[in-house]
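Asker: I am attaching a structure below and will ask some questions about it afterwards.
The values are calculated or read from the model by the stated rules, or taken from the named source; none is laboratory data. Keep in mind it's a predicted model, so treat the numbers as computed, not measured. Here the Cβ positions follow ideal geometry from the backbone for every residue, glycine too, while neighbour counts run over all protein chains shown.
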Amino acid sequence: MNKTIIININGTVFHIEEDAYEVLRTYMTGVKRHFTYTTDSEEIVTDIENRLAEMFSERLKLDHKQVIIIDDVEFVTEKMGAVDDFDIDEEDQTICLSTGAYKTEKKLFRDTEDSLVGGVCSGIGHYFGVEPKWIRLIAIITLFMGIGIPVYIILWLVIPKAKTRVDKMAMKCEPINIQNFKKNFDEEIEGLKSGLKRAS
């Protein structure tokens, strides 16, 4: 008989065994410490906690149980990766994995960070693995055919915007782990720096 604790991970309540809780607490302490001095640390940690909550929910549902045990914590934290392990294999980033438990599923979002109007063409480009310029060219051709504007507006309304880092990773079919949270954060910082250089 093991003692269980009730915890709250970003609004989701879980029952977790005490030894599993200690492992998870140590892991999250390391994550928070690692991102402490970054300007967007709270948002990054929130995204990571959201992903942990999703993975624990999936695992509990998959195994038809109600309590998180140490095996669950070790499995989930291994999938998320260690905070001090940021060597990313670039080849792994280009492969989109099939759907299934804990694998990256490609999702269609509007990419407003690489957009001329609403990010529809860029989002479709990510989804099909095509350069956005080619999708934009097709959009311009359909514009002259008279169907481009209504189709674009419908797609703009139907396709959700990639708001969170998890959305952006799913849009680009990147594994959702700590390494990619860090990579996306670094890319955002570089984008801000480039924007400031162009503005000055």
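Asker: When you go through (1) surrounded by fewer than 14 Cβ atoms within 10 Å (Cβ to Cβ); (2) within 17 Å of the chain's Cα centre (by Cα); (3) over 15 Å from residue 75 (Cα atoms) one by one for residue 41, which number turns out not to apply?
Answerer: So the condition that residue 41 fails would be (1).
Asker: Name the single residue that is surrounded by the fewest Cβ atoms within 10 Å (Cβ to Cβ) among those in region 149-166 being part of a helix (DSSP H, G or I) and modelled with pLDDT under 75.
Answerer: 166
Asker: Going through region 138-148 one residue at a time, which ones are surrounded by 13 or more Cβ atoms within 10 Å (Cβ to Cβ) and farther than 16 Å from residue 118 by Cα?
Answerer: Of everything in region 138-148, just one residue is surrounded by 13 or more Cβ atoms within 10 Å (Cβ to Cβ) and farther than 16 Å from residue 118 by Cα, namely 142.
Asker: Looking at region 137-168, which of the residues that are within 28 Å of the chain's Cα centre (by Cα) and of a type in the set (Ser, Thr, Tyr) is nearest to residue 125 (Cα to Cα)?
Answerer: Among residues in region 137-168 that are within 28 Å of the chain's Cα centre (by Cα) and of a type in the set (Ser, Thr, Tyr), the one nearest to residue 125 (Cα to Cα) is 152.
Asker: Let me ask something else. Please count how many residues of region 1-51 are closer than 19 Å to residue 81 by Cβ and either basic (Lys, Arg) or assigned to a helix (DSSP H, G or I) (or both).
Answerer: Of the residues in that region, 24 qualify.
Asker: With respect to residue 14, determine if the residue is hydrophobic (A, V, I, L, M, F, W, C) and either touching a strand residue (DSSP E or B) at 6+ places or on another chain (Cβ under 6 Å) or on the phi > 0 side of the Ramachandran plot (or both).
Answerer: Here the answer is yes, as residue 14 does meet what is asked.
Asker: Another question, then. Scan 101, 82, 20 and give me the residue that is modelled with pLDDT of 85 or more, over 30 Å from residue 154 (Cβ atoms) and hydrophobic (A, V, I, L, M, F, W, C).
Answerer: 20
Asker: Need pairs with beta-carbon distance below 7 Å; first residue closer than 13 Å to residue 174 by Cβ and within region 103-123, second of a type in the set (D, E, K, R) and modelled with pLDDT of 80 or more; sequence gap 6+ or separate chains.
Answerer: Here the result reads 109/161, each pair linking region 103-123 to a residue that is of a type in the set (D, E, K, R) and modelled with pLDDT of 80 or more.
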